[in-house]
Structure formats: structure tokens, C-alpha cells
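The values are calculated or read from the model by the stated rules, or taken from the named source; none is laboratory data. For clarity, every value in this text was computed on a predicted model and none was experimentally measured. Here the Cβ is made from the backbone with ideal geometry for all residues, glycine too, and neighbour counts use every protein chain on show.
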Amino acid sequence: MKFFTKTRLLAIGLIVMIVINIGTLITIWYIFPPRHFRGFRDRDRNWGRPQAYIERTLNFTDQQKQQFRKLRRNNIRETRRYVQDIRRHRGMYFNLLKQPDDSKHLTRRDSLEKLLGQDHVKLEQAMYQHLADIKNICNDQQKQRFNQIIDELQKRIGPGPGSNPDQPQPPRPESGSPF
């Protein structure tokens, strides 16, 4: 082959490879956009979407926003401890599978199951208390809207205990709520 033909083929191949790479990068970026473009953070980047939704929906005053943010920080601090305990106890629980079965094994498994249950109860109690504290900073009009938010939250979480698992669940409402 002539020198110019080889050079031309190399140039065309290089251009095709660059175009394919750019197309691949654009496709990946389109499918998996960076977090800050997906709306996970509101304008105030220190706070996530649920907080902004609650503040906006309940139309909090500046003082109520400060109280709410303080309550949220405390709740995050408290629930983080429970989540860490759950992870630690769950790890210990599943590590029992690696050990031989004996009478101590059953005793340890039962005690770890109780600990996991207690940790989950503490986590639910902390969430309940957090929501009760939020309700306490609301005025009467905001409390009515707060009750609607709780209803939306319950619908999104799903049916409670005692519901029939064989029945299909109702579709989740599309209300723009982050819950």
C-alpha cells in the first residue's frame, strides 16, 4: 500500500474511534448523570429533598425552619447510632452461619435476633418522636397539612401490619412528594 493510503486509513480509523468514544461517554452520562444534576440536593446543598419538601409544603417561617433543621440534625445523629448497631448486629448474626451448629449457636442466634428487633424498634421510635417534634412546631393550619403529609407517607410505605399479603397493593400516588 502506498504511504498516503495507510495514513489516510489510520486517520479515518482514529476519527471513527474518537466518535465512538464520545458517543459512549455521552450515553453513559445520559443514563447515569452526576448526582448534582439529578435533584438530590435542593438549593441549600446541606439539606436533602425531604427537608426541602417539608419546609416548602408546610410553609415554615424562618424560626420554624431553624427549629426543624435542629430537630433533623439531632434525629440524624440519633438514628445513625441505631443503623450502625443494626449493621453490626446483622453482621454478627450472619457470621454465625460460618460457625458449627451447637447449643451455644442457637443461644447466640436467639440473642442476636432479639437485639436486632430491639434496634429496629428504637429506630422506629426515634422516627415517630422526630415526626411528633415536627408537628409540635407547626401552627394549626400547618398541622392539617402535616397530617396530609403523614397520609402520603403511609401510602408510599405500603400497608401496615395485619394487611392481607395476598391482595395486590394499590398504586402509589404521584404527588411530587420525595417520600
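Can you pull out the helices (runs of 4 or more DSSP H) entirely within the stretch 34-137 that have at least 2 residues that are at pLDDT 90 or above and within 29 Å of I150 (Cβ to Cβ)? Show your work before the answer.
Numbers: elements: 49-58, 62-95, 103-136.
Per the criteria, 62-95, 103-136.
In this structure, is R77 farther than 22 Å from Y53 by Cα and either of a type outside the set (A, V, I, L, M, F, W, C) or not assigned by TED's automatic domain parsing to the domain that holds Q51 (or both)? It would help to see each step written out before you state the result.
On the way: farther than 22 Å from Y53 by Cα: no; either of a type outside the set (A, V, I, L, M, F, W, C) or not assigned by TED's automatic domain parsing to the domain that holds Q51 (or both): yes.
Here the answer is no, as R77 does not meet what is asked.
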